[in-house]
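All remarks here apply to the structure that follows.
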Amino acid sequence: MPRADAQRNVDALLAAAKEEFTTHGVDVGVRAIAARAGVGTATLYRHFPLRSDLIVAVFRREIDDITALATQLAETHEPDAAVRQWVQRYTEFVATKHGLGAALHSGDPAYSGLREYFESNAGPALQRLLDAAAAAGAMRGGIDAIDLIGAVANLSVPPPGSTDTSRAARMVGLLLDGLRYGARASRL
């Protein structure tokens, strides 16, 4: 277990990296990340010797956060609202990861296993929400979480030559509206 101050530094670095990646992409300078976190670059390199280590850590934390969010939403919202809010958060996650897709598909072995980590954590979390929505008659049954995650990711990518992420919410909203089609019929 890391010391409390070391854990605070890691948390600050991950939060700063997430913000910098969102604003400037994953190729942002490490000095900007360290400055935003309020630590020196030596501290950054002590915890994350390679840029890929930092990218992986940010990505894993994001996966853990959206996985935990599914549980929270299931406990506090109606099934349909829980799915919508989870998908909205996932849409934001995808739409703001400039350059992350290229990094993940770069062939760098540091990124191996991330897709599986995502699918084995976020997939089942969303599947539980989808199953609850289907059982409540709010959405049709038989929706595969990984298929929906892929569709949302594709709809969340800005149009070619654009950085406009505003259409993602509209497009994903249309997709979710379509999942309601036949919902009541599947309960009969």
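The values are calculated or read from the model by the stated rules, or taken from the named source; none is laboratory data. Bear in mind the structure is a predicted one, so any value in this text is a computation, not a measurement. Counting neighbours? That spans all protein chains shown, and the Cβs are built from the backbone with ideal geometry, glycine included.
When we screen Arg60, Arg115, Arg31 for residues that are surrounded by fewer than 21 Cβ atoms within 10 Å (Cβ to Cβ), modelled with pLDDT of 90 or more, assigned by TED's automatic domain parsing to the domain that holds Pro158 and not hydrophobic (A, V, I, L, M, F, W, C), the only hit is Arg60.
Of all the listed residues (Ala145, Ala136, Ala168), the sole one being aliphatic (A, V, I, L, M) and more than 21 Å from Phe118 (Cβ to Cβ) is Ala136.
Does Arg140 satisfy the criteria of being charged (D, E, K, R) and more than 16 Å from the chain's Cα centre (by Cα)?
Numbers: charged (D, E, K, R): yes; more than 16 Å from the chain's Cα centre (by Cα): yes.
The answer is yes for Arg140.
Check Ala68, Ala74 and return the single one that is loosely packed, with under 13 Cβ neighbours inside 10 Å and either assigned by TED's automatic domain parsing to the domain that holds Met139 or not in a helix (DSSP H, G or I) (or both). Can you show your working first?
Values: Ala74 fails: loosely packed, with under 13 Cβ neighbours inside 10 Å.
Exactly one residue qualifies, and that residue is Ala68.
Screening the candidates Leu148, Leu155, Leu104, Leu129 for the property of being surrounded by 17 or more Cβ atoms within 10 Å (Cβ to Cβ), more than 21 Å from Ala81 (Cα to Cα) and not small (Gly, Ala, Ser) yields one hit, Leu104. Residues that are assigned to a loop (DSSP other than H, G, I, E, B) and farther than 24 Å from Leu174 by Cβ within the range 112-144 comprise Ser112, Gly113, listed in sequence order.
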